[in-house]
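Novice: Structure provided below as structure tokens; questions to follow.
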Amino acid sequence: MAILASGNGTNAQQISEYFAGNPRVEINVIIYNKKDAYVAKRAENLGIEAKYFNRHDFYESDNVLSFLQERQVDYVILAGFLLLVPENLLGAFPNRIVNIHPALLPKYGGKGMYGHHVHEAVVANHEQVTGITIHIVDNRYDCGTTLFQAKCKVEPTDSPDDVAAKIHLLEKEYFPRVIDSFIFDKPMPQSTAIAD
């Protein structure tokens with residue numbers, strides 16, 4: 001398994017720690033596309049190789065694909081990775097690239113809708129419920145088949161930071177477990193978050 005990340009790397013760390021004792025899963029490498037991304041430090045602390053690739057490597061060459069194939073990667077997990085996945089990777093890993101989005105897709109998805117932008121929009125629109133969506137990646141932002149959703153309440157007094165904190169808890173609780181269920185074809189976890 002390879003993890004692709006662009007920033008802080010909390011999800012990458014949680015996934016890596018979740019699978020650390022599993023003899024059937026190896027987090028082979030954490031790939032990042034921003035030179036100063038803190039995820040590289042997290043990878044070092046976890047004893048996992050971190051590899052930097054720039055935009056050119058992703059879109060104008062087969063550098064990333066060749067690297068993943070050399071490493072015999074089976075699944076690619078996006079954990080805060082902000083680039084649109086290029087066609088060559090989609091073709092090489094059909095239905096084997098998984099992403100998490102910090103909203104209940106199809107709401108608040110698409111280009112530019114990531115991280116704090118999502119939470120700000122949720123608060124600005126006075127949503128009463130938000131959550132996470134874990135989905136298969138296709139050639140459009142946030143449009144692939146949904147694997148799992150979990151919800152949380154948005155209180156009238158919640159700030160975007162408050163919403164972000166609730167979303168982080170859902171991500172920590174469910175993202176590694178849903179990946180586990182998906183790759184081993186097990187039933188998805190039951191969401192204990194709020195119902196409709």
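Novice: Restricting attention to strands (runs of 3 or more DSSP E) lying wholly within the range 87-186, give those where 3 or more residues are outside the structural domain of Phe58 (by TED's automatic domain parsing), surrounded by fewer than 21 Cβ atoms within 10 Å (Cβ to Cβ) and of a type outside the set (Phe, Trp, Tyr).
Specialist: 146-153
Novice: Here is a list: Ile167, Ile179. Which entry is among the β-branched types (Val, Ile, Thr) and within 16 Å of Val98 (Cα to Cα)? Steps first, answer last, please.
Specialist: On the way: Ile167 fails: within 16 Å of Val98 (Cα to Cα).
Step by step, each of Ile167, Ile179 is checked, and only Ile179 is among the β-branched types (Val, Ile, Thr) and within 16 Å of Val98 (Cα to Cα).
Novice: Looking at the range 147-167 only, could you name the residues that are touching a Pro at 6+ places or on another chain (Cβ under 9 Å) and within 30 Å of Tyr59 (Cα to Cα)?
Specialist: Phe148
Novice: Against the definition (without any contact (Cβ under 8 Å) to a residue 12 or more places away in the chain and either assigned by TED's automatic domain parsing to the domain that holds Ala12 or over 16 Å from Gly7 (Cβ atoms) (or both)), how does Glu26 come out, yes or no?
Specialist: The answer is no for Glu26.
Novice: Yes or no: the range 50-62 includes at least one residue that is within 19 Å of Asn11 (Cα to Cα) and surrounded by 20 or more Cβ atoms within 10 Å (Cβ to Cβ).
Specialist: Scanning the range 50-62, I find at least one residue that is within 19 Å of Asn11 (Cα to Cα) and surrounded by 20 or more Cβ atoms within 10 Å (Cβ to Cβ), so the answer is yes.
Novice: Taking the options Val137, Val163, Val123, Val154, name whichever one is modelled with pLDDT of 95 or more and under 15 Å from the mean Cα position of the chain (by Cα).
Specialist: Numbers: Val163 fails: under 15 Å from the mean Cα position of the chain (by Cα); Val123 fails: under 15 Å from the mean Cα position of the chain (by Cα); Val154 fails: under 15 Å from the mean Cα position of the chain (by Cα).
Answer to the selection: Val137.
Novice: Right, Tyr18: over 15 Å from Asn99 (Cα atoms), surrounded by fewer than 16 Cβ atoms within 10 Å (Cβ to Cβ) and of a type in the set (Phe, Trp, Tyr) or not? Write out each step before concluding.
Specialist: Values: over 15 Å from Asn99 (Cα atoms): yes; surrounded by fewer than 16 Cβ atoms within 10 Å (Cβ to Cβ): no; of a type in the set (Phe, Trp, Tyr): yes.
No: the conditions fail for Tyr18.
Novice: Can you tell me which condition Gln72 does not meet? The list is (1) surrounded by 16 or more Cβ atoms within 10 Å (Cβ to Cβ); (2) on the phi > 0 side of the Ramachandran plot, and all the others hold.
Specialist: Tallying (1) surrounded by 16 or more Cβ atoms within 10 Å (Cβ to Cβ); (2) on the phi > 0 side of the Ramachandran plot, Gln72 fails exactly one: (1).
Novice: So Lys41 passes all but one of these: (1) charged (D, E, K, R); (2) out of contact with any helix residue (DSSP H, G or I) (no Cβ under 6 Å at 6 or more places or on another chain); (3) within 19 Å of Leu89 (Cα to Cα). Which condition number does it fail?
Specialist: Looking at each condition in turn, Lys41 falls short on (3).
The values are calculated or read from the model by the stated rules, or taken from the named source; none is laboratory data. The structure displayed is predicted, hence computed values, not measured ones. Cβ: placed from backbone, ideal geometry, glycine included. Neighbour counts: every protein chain shown.
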